[in-house]
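K.L.:
Sending over a structure as C-alpha cells; questions will come in a sec.
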Amino acid sequence: MTLKIEQVELRVVELPLVEPFETSFGREEVRPCILLQVRGDGLSGWGECVAGAGPWYAYETIETAWHILKDFLLPLTLGKALEHPTEIARGWRRVRGHPMAKAGLESALWDLWARSRGISLREALGGVKDRVESGISLGIQPSLDELFKRVEDALEQGYRRVKLKIKPGWDLKVLEAVRERFGEIPLMADANAAYTLNDLPTLKALDGFGLMMLEQPFRYDDLVDHAELQRQLQTPVCLDESVKSPDDARQALKLGSCRILNIKPGRVGGPSAAREIHDLCVQRGVPVWCGGMLETGIGRAHNVALASLSGFTLPNDLSASRRYYPQDLVEPPFELNPDGTLSVPSGPGLGVEVVEERVERATVRREVFP
Ligand code: OSB
Ligand code: MG
C-alpha cells in the first residue's frame, strides 16, 4: 500500500486569543499561523506551522515559512510516495534551518500517514500514556493583583504547575510575592532570552525561590553562557529557543547548558526531530516536557500525542483549549481533566475533528499546490 502525496493546501488563519499574551519579547492579541492540509488517496492530514507574525521568538515568520514551503519544501514533497513521514523529512535536509516550516509540513504528513493506517498519532509516534500532565504558562500581567488572580484560577482548575513569564523588572519581586501568597506550589519561570551574564546576581537570587526550573534566560541561540550559568546555579536551567535541532540538543547536553529540555516539535524541525531529542534525553537521563506556541487544536493534538512518549515526565505547556481561544478549531476541544491532565485522543490521526467551517472563517490567505 503506497500513498502518494497528491496535493497540499496552505492557509494563514488568525484566531483571537481569550486574552493578550505578553512575554519579554512582545504582546499578542491574535494568533496567526499557517495551517497545512496534505491530501492523498482520498485522505487528508492536518498540520500547523508555529511561525509567528514577526521574528521575535525565532527568526522565522509566517512570510518566510510560506516562502520556504512553497518554493523549496513542497517541490521536494509533492508527487512522492509516503512510505513514512521521517523518510520524506530526510529529503529536506538540503534546506538549511527553517525548522518551523519543516515541522508544519511534517506534522501534516504524520496525520495523513497515521490516518492511512487507521492508527492514532500517539500510536504512530510510539506514545504510551493515555493522559499528559498539564501546566499553564502565564504571561506578564499589568499588575501583581492580576497575576494573583490568574494563578489562583489556574490552581483551582487543577493545573499541575504554573509557569510565569519574567523579564528584567518583572522577576524577583513577582516570584517573591507569588511564593508568599501561594506557598510551595510547583512553579517555574521563563525569561524568553531577556537576560545576559551581566544579570548573574539577579539570576542567582532566583535560587532562593525553589523553582522547578528557569527557562531560556539567555540569547535565543546561546549554549555557552547557559553552560556557565548552569554551573553557578542550583535551579535547573531549561532550554527552549536555543535548541532548534537534535544537534543543538546533543551539544547542549555535552556542554552542560541545561538539565531539562523543553521540546517543541514546531521549533526543532518536526515530530521526527522531536522524537530523536526525546530519545537522546531518555538515554542521558535528562527530563523533558512538551512546550507550546499557543497552538490551535490542530497543533495541540500533535503536541499531546508527542507528550504521550515515556520520557515526558514533567508537566507540559499543554493547557485546555479555552485557556487560549474562545472557540478552538477542533471538536471536541481539549479540556482539563480533574486530575490536571489532558486526555490523549485515540481515534485515527489527530483523533479530533477539524471543524472546516471554523477554519474557513478564520482564513485570511490560501493557496493550493498544485
Ligand atoms: O516561550 O514557551 C514559550 C508561547 C509563545 C511563544 C513562546 C512561548 C510560549 C508559551 C506558551 O509559553 C505555551 C503554551 O502554548 O501554552
Ligand atoms: Mg519558553
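K.L.:
By a straight-distance test (C-alpha under 24 Å), which lysines pair with LYS244 as possible cross-link partners, with residues fewer than eight away in the same chain excluded?
P.N.:
Partners within reach: LYS70, LYS102, LYS163, LYS165, LYS167, LYS254, LYS264.
K.L.:
Once you charge only the Cβ atoms, +1 for Lys and Arg and -1 for Asp and Glu, what is the size of the charge dipole of the chain about its Cα centre, to the nearest 20 debye?
P.N.:
Using Cβ point charges on Lys, Arg, Asp and Glu, the chain gives about 800 debye.
K.L.:
Identify, among GLN283, TRP170, LEU155, the residue whose Cα sits farthest towards the positive end of the charge dipole of the chain, taking +1 on the Cβ of Lys and Arg and -1 on the Cβ of Asp and Glu, with the dipole about the Cα centre.
P.N.:
GLN283
K.L.:
Can I ask one more? Per residue of the range 34-47, in order, report the coupling 6.51 cos²θ - 1.76 cosθ + 1.60 (Karplus, θ = phi - 60°) as ³J(HN,Hα) in whole Hz, putting x for Gly and Pro.
P.N.:
8, 9, 10, 10, 10, 10, x, 6, x, 10, 9, x, 9, x
K.L.:
Mind telling me which of GLU360, GLU123, GLU133 comes out most flexible in a GNM of the chain, alpha-carbon contacts under 10 Å?
P.N.:
Taking springs between Cα atoms under 10 Å, the residue moving most is GLU360.
K.L.:
Projecting each Cα onto the charge dipole of the range 123-353 (Lys/Arg +1, Asp/Glu -1 at the beta carbon, about the Cα centre), which of GLY299, ALA191, LEU255 comes out farthest on the positive side?
P.N.:
LEU255
K.L.:
Fewest Cβ neighbours within 10 Å first, please rank LEU255, LEU350 accordingly.
P.N.:
Lowest to highest Cβ neighbour count: LEU255, LEU350.
K.L.:
Treating the Cα atoms of the chain as identical point scatterers in vacuum, please give the log10 of the normalised Debye intensity I(q)/I(0) at q = 0.06, 0.12, 0.13 Å⁻¹, two decimals.
P.N.:
Treating every Cα as an identical point scatterer, log10 I(q)/I(0) equals -0.20, -0.84, -1.00.
K.L.:
For the range 5-103, with only Lys/Arg (+1) and Asp/Glu (-1) charged at the beta-carbon, what is the dipole magnitude about the Cα centre, in debye rounded to 20? Write out the running numbers ahead of the final one.
P.N.:
Values: 11 positive and 14 negative charges, 100 e Å.
Charge dipole of the range 5-103: 480 debye, to the nearest 20.
K.L.:
Which of these, VAL178, VAL288, VAL162, has the largest mean-square fluctuation under a Gaussian network model of the chain (Cα springs below 10 Å)?
P.N.:
Of VAL178, VAL288, VAL162, the Gaussian network model singles out VAL178 as fluctuating most.
K.L.:
With an 8 Å cut-off on Cα pairs and a minimum separation of 6 or more residues, tell me the relative contact order of the range 2-46 in percent.
P.N.:
Normalised by residue count, the contact order of the range 2-46 is 45 percent.
K.L.:
Within 10 Å of each candidate Cβ there may be at most 15 other Cβ atoms; applying that plus a DSSP loop requirement, which GluC sites (Glu not before Pro) in the range 28-122 survive?
P.N.:
GLU83
K.L.:
With contacts defined as alpha carbon pairs under 8 Å and 6 or more residues apart, what's the relative contact order of the chain in percent? If you can, show how the numbers build up before the last one.
P.N.:
Working: 816 pairs, mean separation 81.0, N = 370.
Relative contact order of the chain: 22 percent.
K.L.:
Counting other C-beta atoms within 10 Å, which of THR341, THR363 has the fewest, and how do the rest follow?
P.N.:
Working: THR341 20, THR363 13.
If I rank by nearby Cβ atoms, fewest first, I get THR363, THR341.
K.L.:
Any idea what the dipole of the range 74-121 comes to, in debye rounded to 20, about its Cα centre with Lys/Arg Cβ at +1 and Asp/Glu Cβ at -1?
P.N.:
It works out to roughly 200 debye.
K.L.:
What ³J(HN,Hα) values, in whole Hz, does the Karplus curve 6.51 cos²θ - 1.76 cosθ + 1.60 give for the range 320-327 when θ = phi - 60°, with x put for Gly and Pro?
P.N.:
After applying 6.51 cos²θ - 1.76 cosθ + 1.60, I find 5, 3, 6, 6, 9, 10, x, 9 Hz.
K.L.:
Mind jotting down the distance between the C-alpha centroids of the range 151-185 and the range 294-357, whole Å?
P.N.:
First find each Cα centre; the distance between them is then 24 Å.
K.L.:
Something else: Any idea which of PHE334, VAL344, LEU309 is furthest toward the positive side of the dipole for the range 123-353, if Lys and Arg beta-carbons carry +1 and Asp and Glu beta-carbons -1?
P.N.:
LEU309
K.L.:
Rounded, prolate or oblate: which fits the range 314-370 when a ≥ b ≥ c are the square roots of the eigenvalues of the alpha-carbon gyration tensor, with rounded for a/c under 1.5 and prolate only if a/b beats b/c?
P.N.:
prolate
Throughout, read-outs are computed from the coordinates displayed, never taken from laboratory work. It should be emphasised that the depicted structure is a prediction, and the values quoted were computed from it without experimental measurement. Glycine also receives a Cβ, built like all others from the backbone with ideal geometry; neighbour counts cover every protein chain displayed.
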